[in-house]
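Chemist: Below is a structure I'd like to ask you about.
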Amino acid sequence: MGTCRKRANGEGSLTQRSDGKWLAQVTIGIRPDGKFERKSKTFQRKKDANEWMLGFAHKVSCGEVTAGSSISFAEYAEHWLEYKKESVSPKTWMGYEGDTKNHIVPYFGDRKIGMIKTMHINKFIDHLAKEKGLSGKTISGIRATLHNIFVLAIAEEILVRNPVAYSKTVKIKKPNRGIIDDFDRKKIFLAAKTMQNDEIAKGETAGRRYFLYTFLIIAYYTGMRPEEILALKWSYIDLEHSLIYVREAVVEAPDLAGDGKIRSIAGLPKTECSIRDITIPRELAQHLRRLKARTKNNLVIYNRNQTYLTNNNISYVWREVLSDLGMKGKYKLYEFRHTHATILAQNNIPLTDIQYRLGHTDIRTTANIYTHSNIEAGRRITALFDNSQNSM
């Protein structure tokens, strides 16, 4: 019969088995599921078993090992996703899920969450940059998701340190925002208008090809975000007073049927400042009146199944038009918003008015628009000196 000497909680116990070997066991604590978690190891000699037990018990008392730290990272990441599902928007959750299942879990696999250190995070970031070739912005987002997973692990007393906190960061290149020059804009508008007329001739009065022109002129004349334009309803447009009320934005969310499909729904705009009233010029108002006369749907822009078009739907046909015009890759769809803002800045519209029209929370974001207009102003200034030099 084996002998057993029990130790105080946190130190563990030693048991000699019937085969003469020694079993060392340390109680780590209670897991998040309410079960006790213990670490055991077998040794030939009692001395070795005792040394291991005392060393491991010291790690437990110092917080280096906690209950749940032996859970696989993949298992805990799934738990984290379920935890976040009720506290964030569907679009944000989908981003978390994509980061976790496409990048983080495949890399860390079944590694125990308590064994992941800062050096492993650094190698992961290098992997994303060098092997996967992801952009700095994408890597930064994945790193933030990983950081949040460990934040919950600390809150649930599974870990005492966040290995992401001191890991390397990635520089994010600011997008080189351009403006769509007037000559190209007119060509694009004509092509989109022709596409709409072709659809009407075929009896089609819905879908991305039919609504591209409408989308573009709203973007150009209002500076609205794409997701705000796609969520527009006729009840949000006051044609009598030439006003658009921005109250919703299209977001992507998992289908309630639970079949894994993604659907577009109307949600709140990006921020509280995004809720605003925008005046519209005569040309846009006239187009909207003609469009309204041809539709019975409360949505201004919609698919053939009478539901919301997505940003991807519009982007697809936008790239098609640019390619046909020999402008492949020259402009991004979002640059209509930047073009609108730049025109306002160049015409000396007060910065606070531009901020409101665009729905910016931080006026510094709006101030960045002045880059292009300041360059143009600078050229006019240098032209003055060039002319004065000729008169000397």
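Where a number appears in this text, it was derived from the coordinates with a stated rule and is not lab data. In this text, all values refer to a predicted model and were calculated from it rather than measured experimentally. Positions of Cβ are generated from backbone atoms using ideal geometry, with glycine treated the same way; all protein chains shown enter the neighbour counts.
Chemist: How large is the convex hull of the C-alpha atoms of the stretch 171-225 per residue, in Å³? Display every interim value, and only then the final one.
Modeler: Working: hull volume 5.7 nm³, N = 55.
Enclosed volume per residue, from the Cα hull, is 104 Å³.
Chemist: Also, quick follow-up: Residue by residue through the stretch 94-104, which ³J(HN,Hα) values in whole Hz follow from phi under the Karplus form 6.51 cos²θ - 1.76 cosθ + 1.60 (θ = phi - 60°), with glycine and proline marked x?
Modeler: Using θ = phi - 60°, the values come out as 4, x, 4, 4, x, 4, 5, 7, 8, 10, 6 Hz.
Chemist: At what distance in nm do the modelled label points of Ser135 and Ser242 sit from each other, each positioned 7 Å from its Cα along Cα→Cβ?
Modeler: 3.6
Chemist: Related question: For Gln16, what residues show an amide H to amide H distance below 5 Å, using hydrogens built from the backbone and excluding near sequence neighbours?
Modeler: Thr3, Leu23
Chemist: Pop a pseudo-label 7 angstrom from the Cα along the beta-carbon direction at both Glu320 and Lys233 and give the gap in nm to one decimal.
Modeler: 2.9
Chemist: Let me ask something additional. For the stretch 180-231, what does the relative contact order come out to in percent, with C-alpha contacts under 8 Å and a separation of six or more? Mind dumping the intermediate values first?
Modeler: Details: 27 pairs, mean separation 14.3, N = 52.
The normalised contact order for the stretch 180-231 reaches 27 percent.
Chemist: Return the subset of Lys202/Lys270; Lys91/Lys193; Lys101/Lys330; Lys171/Lys332; Lys101/Lys193 for which the Cα-Cα distance in this structure is over 30 Å, preserving the input order. Mind dumping the intermediate values first?
Modeler: Working: Lys202/Lys270 37 Å; Lys91/Lys193 32 Å; Lys101/Lys330 33 Å; Lys171/Lys332 22 Å; Lys101/Lys193 42 Å.
Over 30 Å apart, Cα to Cα: Lys202/Lys270; Lys91/Lys193; Lys101/Lys330; Lys101/Lys193.
Chemist: Another question, then. Charges at C-beta only: +1 for Lys and Arg, -1 for Asp and Glu. How large is the resulting dipole of the stretch 90-232 about its Cα centre, in Debye rounded to 20? Kindly include the intermediate steps, with their values, before the conclusion.
Modeler: Values: 24 positive and 15 negative charges, 120 e Å.
It works out to roughly 580 debye.
Chemist: Cross-link partners among lysines for Lys46, C-alpha distance below 24 Å, same-chain residues fewer than 8 apart left out?
Modeler: Lys6, Lys21, Lys59
Chemist: Could you give P(r) for the stretch 107-222, binned at 5 Å from zero, as whole percent values over all Cα-Cα pairs?
Modeler: In whole percents, the pair-distance histogram is 2, 10, 14, 13, 9, 6, 7, 8, 9, 10, 8, 5, 1, 0.
Chemist: Something else: Using θ = phi - 60° and the Karplus form 6.51 cos²θ - 1.76 cosθ + 1.60, what ³J(HN,Hα) does each residue of the stretch 40-55 get, whole Hz, x for Gly and Pro?
Modeler: Each residue of the stretch 40-55 in turn: 10, 8, 9, 9, 6, 10, 4, 4, 5, 5, 5, 4, 5, 4, 5, x Hz.
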